[in-house]
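Undergrad: Could you have a look at this structure, given as structure tokens, before my questions?
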Amino acid sequence: MDKRERKLEQLATEFRRNNGLNATEAIRLKSLLLKNNILTVFLPLSGDLSGMAVKTKGNEIAKCFILVNANHTLGRQHFTICHELYHLYYQKNFTSEKSLAGKFDKKGDPEEYNADIFASHLLLPEDGVYQMIPEKEWGKNKISLQTILKIEHYYSCSRSALLNRLIKMGLIDQNRYQEFNSDKIKNAILHGYNEDLYKPGNEGQIIGNYGILAKELYDKGMISENSYFSLLEDIGIDLSEFDNKEDYE
């Protein structure tokens, strides 16, 4: 592991510690987002765009925002969230970024690569992964499919995120990567696991104080009544059902 990656691993460990998490446990990401007041919205996005993050400064209403592509599998969405956390908490002078999380492209945007490495360590801490691998499977290309499934369901990660992590840890090579990266749903079902992790989901879900922020904007005269109605309709609230204005003021 080079100096750059070691630093990113330390940042991931620091983030866990700052949020009351030990060095090996799985993260309940939705609870983490809510705890840190990170407004997060899951919407269908086109193409390979995994999501985006926005950080506002000097704004008492909203500081951090994450958009996640609901067309991606749940496992991939979890990696995207961890990727965006790097941008929000550790990238210097960060304001906004559209992301293609999980590319691990050293030749591209260095901060995108940093965010991928950080996400990998945050979501799949090395000590935690090793704890779930039987000693007889330590070593190159010894890990079994049963162990792969157990790890990815414990950490709720995508198969590609886990396999990239195992390559970095020296536990598999590219041939084994290709072998393990096929028939994911079929093999999960055959081994008694739920298939939800391998499918899209969360469309339209919002984590955080979206409704409260909309009301504050309206009360402060920053948006019109029609805009306020529109914002609430986005989360399934139709104020036209109420008889008078007192019901929502």
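Undergrad: What order, most packed first, do the peptides 118-130, 14-26, 70-82 have when packing is the mean number of other Cβ atoms within 10 Å of each residue?
TA: On the way: 118-130: 21.3, 14-26: 13.5, 70-82: 23.5.
Going from most to least packed, we get 70-82, 118-130, 14-26.
Undergrad: Let me ask you something else. What's the FRET efficiency of residue 154 with residue 224 using the Cβ-Cβ distance as r and R₀ = 45 Å, to the nearest 0.05?
TA: Efficiency, rounded to the nearest 0.05: 0.40.
Undergrad: Mind listing which trypsin sites (Lys or Arg not before Pro) in segment 103-136 are in a DSSP loop and have 16 or fewer other Cβ atoms within 10 Å?
TA: Details: sites: 103, 106, 107, 136; in loops: 103, 106, 107.
Answer in residue order: 103, 106, 107.
Undergrad: Determine the sum of side-chain charges near residue 207: Lys and Arg each +1, Asp and Glu each -1, restricted to other residues whose C-beta is under 11 angstrom from that of residue 207.
TA: Details: positive: 30, 35; negative: none.
Spelling it out: positives minus negatives among the neighbours equals +2.
Undergrad: So, R0 is 22 Å and r is the distance between the beta-carbons of residue 23 and residue 140; what FRET efficiency does that work out to, to 0.05? Don't skip to the end; give the middle numbers.
TA: Values: r = 24 Å, r/R0 = 1.11.
That gives a FRET efficiency of 0.35.
Undergrad: At 7 Å along the Cα-to-beta-carbon direction for both residue 95 and residue 177, put a label point, then send me their distance in nm to one decimal.
TA: In this crude label model, residue 95 to residue 177 measures out at 3.6 nm.
Undergrad: List the pairs from 106/140; 98/184; 7/168; 150/184 whose alpha-carbon separation is above 18 Å, in the order I gave them.
TA: Numbers: 106/140 24 Å; 98/184 28 Å; 7/168 15 Å; 150/184 13 Å.
Table pairs above 18 Å Cα-Cα are 106/140; 98/184.
FYI, it's all coordinate maths here, none of it is from the lab. Just so it is clear, the model here is predicted, and its values are computed rather than measured. All Cβ positions, even for glycine, are placed from backbone atoms using ideal geometry, and neighbour counts span all protein chains on display.
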